[in-house]
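Heads up: the structure comes next, in structure tokens.
The values are calculated or read from the model by the stated rules, or taken from the named source; none is laboratory data. The structure presented is a predicted model; accordingly, all values stated were derived computationally and were not measured. Heads up, the Cβs are rebuilt from the backbone with ideal geometry, glycines too, and the neighbour counts pull from every protein chain shown. Only protein heavy atoms, including side chains, enter the accessible area calculation; ligands, DNA and RNA are left aside. Shrake-Rupley method; radii C 1.70, N 1.55, O 1.52, S 1.80 Å.
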Amino acid sequence: MNEGIEEFSQEFLFEIETAVKKEEPVSIITYVLSSNGESKLKHLIHTVLAKYGREDLIELLFTSAKELIVNATKAAIKRVLFRELGLDINDSSQYDQGMTSFKENLVSRKFPYYRRKMKENGLFVKVTLSFNKDRIILLVQNNFNLASREEKRIREKFIHSKEFDNLFEYYMKYGDTTEGAGMGITMVEILVAQSGYDRHLFTIYSRRSENRTVARVEIPLAEDYIPRRHRYQKWLQEKSRSFIE
């Protein structure tokens, strides 16, 4: 049982226990993650992993979840600020202007204000854990699409992070202050790789038709389980072979 569990309501504990027993996906909505929210998230992850005897994955999933929630929260706060300044986040020149103000305003003492403004603007972060005996999927979602500059920056982070096995080496070469050092994305990818999994099991993408952005981490539990990414790559290869034939 997790430390601090006595702080949780019986209703919360019952809902988690029931969902895990039935292997039903569990979602948590957050704005700016509090210490209590962190405790609930850790309890959820611990309960799921304990069901399959894989408590060794707690650090990987909990750290990944926290880092991705921080990234998603920053993205939401950015949109609050851009709206307040009357700036278009998809306009390149206005984006640079807004980012200057964003870096100046992103301080912890303003988080209560941004939590309220996120709610007023209908912005939130949704964390979902989907699981069965074969795999665990962590989803961290925003209810908006990525801006073009954000997509470009994320692609760069994925490309650059593949050159390194640890965060220190990465930071020494690519750490910058344009939007933070991008350590969240890099940390998750390196954690996935250091845990013995394919880096490609961590992805970030926008579902434009659904107006949402998703950070996805899929961790196999069964040795014979084929992740979605690998199934898709196999399908592409077979389709290409069929076309050539």
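Among the residues of the stretch 1-30, which ones are open to solvent by 40 Å² or more (accessible area, probe 1.4 Å), small (Gly, Ala, Ser) and modelled with pLDDT under 95?
Correct list: SER9 only.
Confirm whether SER108 is within 22 Å of ASN145 (Cβ to Cβ) and either small (Gly, Ala, Ser) or open to solvent by 60 Å² or more (accessible area, probe 1.4 Å) (or both).
No; evaluated as a whole, the condition is false for this residue.
Condition check ((1) modelled with pLDDT under 90; (2) under 30 Å from THR18 (Cα atoms)) across all residues:
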| residue | (1), (2) |
| --- | --- |
| LEU123 | no, yes |
| THR128 | no, yes |
| ILE137 | no, yes |
| ASN145 | no, no |
| ARG149 | no, no |
| LYS173 | yes, no |
| GLY180 | yes, no |
| GLU189 | no, no |
| GLY196 | no, no |
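Which one of these is within 30 Å of LEU85 (Cβ to Cβ), touching a strand residue (DSSP E or B) at 6+ places or on another chain (Cβ under 7 Å) and of a type outside the set (A, V, I, L, M, F, W, C): ARG115, ARG212?
ARG212
Determine if the stretch 47-58 includes at least one residue that is closer than 23 Å to TYR197 by Cα, open to solvent by less than 20 Å² (accessible area, probe 1.4 Å) and touching a Phe, Trp or Tyr at 6+ places or on another chain (Cβ under 7 Å).
Yes.
Among the numbered criteria (1) out of contact with any helix residue (DSSP H, G or I) (no Cβ under 6 Å at 6 or more places or on another chain); (2) open to solvent by 20 Å² or more (accessible area, probe 1.4 Å); (3) closer than 30 Å to PRO25 by Cα, which single criterion is violated by ILE137?
Answer for ILE137: the failing condition is (2).
Filter the stretch 158-174 down to the residues that are surrounded by fewer than 19 Cβ atoms within 10 Å (Cβ to Cβ) and not in a loop (DSSP other than H, G, I, E, B) and list them by number.
Within the stretch 158-174, PHE158, ILE159, HIS160, LEU167, PHE168, GLU169, TYR171, MET172, LYS173, TYR174 qualify.
In this structure, is LEU33 open to solvent by less than 30 Å² (accessible area, probe 1.4 Å), under 17 Å from LEU139 (Cα atoms) and not aromatic (Phe, Trp, Tyr)? I'd like the intermediate steps shown before the answer.
Values: open to solvent by less than 30 Å² (accessible area, probe 1.4 Å): no; under 17 Å from LEU139 (Cα atoms): yes; not aromatic (Phe, Trp, Tyr): yes.
No.
I need the full set of residues from the stretch 6-30 which are among the polar types (S, T, N, Q) and either more than 26 Å from ASN142 (Cβ to Cβ) or more than 24 Å from the chain's Cα centre (by Cα) (or both), in order please. Can you show your working first?
Just the residues of the stretch 6-30 that are among the polar types (S, T, N, Q), to begin with: 9-10, 18, 27, 30.
Listed by number, the residues that qualify are SER9, GLN10, THR18.
Being among the small types (Gly, Ala, Ser), crowded, with 18+ Cβ neighbours inside 10 Å and over 23 Å from the mean Cα position of the chain (by Cα) narrows it down to one residue among GLY98, GLY86; which is it?
Unique residue meeting the criteria: GLY98.
Taking the condition open to solvent by 30 Å² or more (accessible area, probe 1.4 Å), within 15 Å of the chain's Cα centre (by Cα) and closer than 28 Å to SER148 by Cα, does LYS103 pass? Reasoning before the result, please.
Values: open to solvent by 30 Å² or more (accessible area, probe 1.4 Å): yes; within 15 Å of the chain's Cα centre (by Cα): no; closer than 28 Å to SER148 by Cα: yes.
Answer is no for this residue.
If a residue has to be touching a residue at least 40 places away in the same chain (Cβ under 8 Å) and open to solvent by 10 Å² or more (accessible area, probe 1.4 Å) to count, how many in the stretch 61-82 make the cut?
8
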